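Below: one structure, written as structure tokens.
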Amino acid sequence: ARKGSSRDKRNKSLGIWVMRQRELYKKNVLNSGQIQRLNSIGFIWDHPEHGWNAYFDQLCTFKAKNGHCNVSRYDKRNKSLGIW
């Protein structure tokens, strides 16, 4: 989609809504039905922790294959892991 298209605006609105749900959850404002519905689709409540866990899992896989955890940021296959 081109920048400024309706699709971009929808994605931005959705992103704002998702952030708001996380805020409401932390404040204990969402009701159990809302929490259950979001859980049923695999909603990620703690995005930073989820990202950390995903990279940790990648690092474990890398170590199993390579015998070390020294991931180069210049490794094209593992660039984002090396930067992490």
- For region 70-84, what are the residues that are open to solvent by 70 Å² or more (accessible area, probe 1.4 Å) and either part of a helix (DSSP H, G or I) or at pLDDT 85 or above (or both)? Asn70, Arg73, Tyr74, Lys76, Arg77, Lys79, Ile83
- Of all residues in region 39-54 being part of a helix (DSSP H, G or I) and modelled with pLDDT under 90, which is nearest to Met19 (Cα to Cα)? His47
- Message: Pull out all pairs, ordered by first then second residue, where Cβ-Cβ is under 8 Å, the residues are six or more apart or on different chains, the first lies in region 39-57 and is open to solvent by less than 70 Å² (accessible area, probe 1.4 Å), and the second is at pLDDT below 85 and not in a helix (DSSP H, G or I).
- Response: Tyr55/Trp84
- May I ask you to list the residues in region 1-38 that are open to solvent by less than 90 Å² (accessible area, probe 1.4 Å), among the polar types (S, T, N, Q) and at pLDDT 85 or above? Ser13, Gln21, Asn31, Gln34
- Query: Do we have Ala64 as loosely packed, with under 10 Cβ neighbours inside 10 Å, modelled with pLDDT of 85 or more and small (Gly, Ala, Ser) here?
  - Reply: yes
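The values are calculated or read from the model by the stated rules, or taken from the named source; none is laboratory data. Remember, it's a predicted structure, so these values are computed and weren't measured experimentally. All Cβ positions, glycine included, derive from the backbone under ideal geometry; neighbour counts span all protein chains shown. In case anyone asks, the SASA skips ligands and DNA or RNA and just uses the protein heavy atoms, side chains included. Shrake-Rupley method; radii C 1.70, N 1.55, O 1.52, S 1.80 Å.
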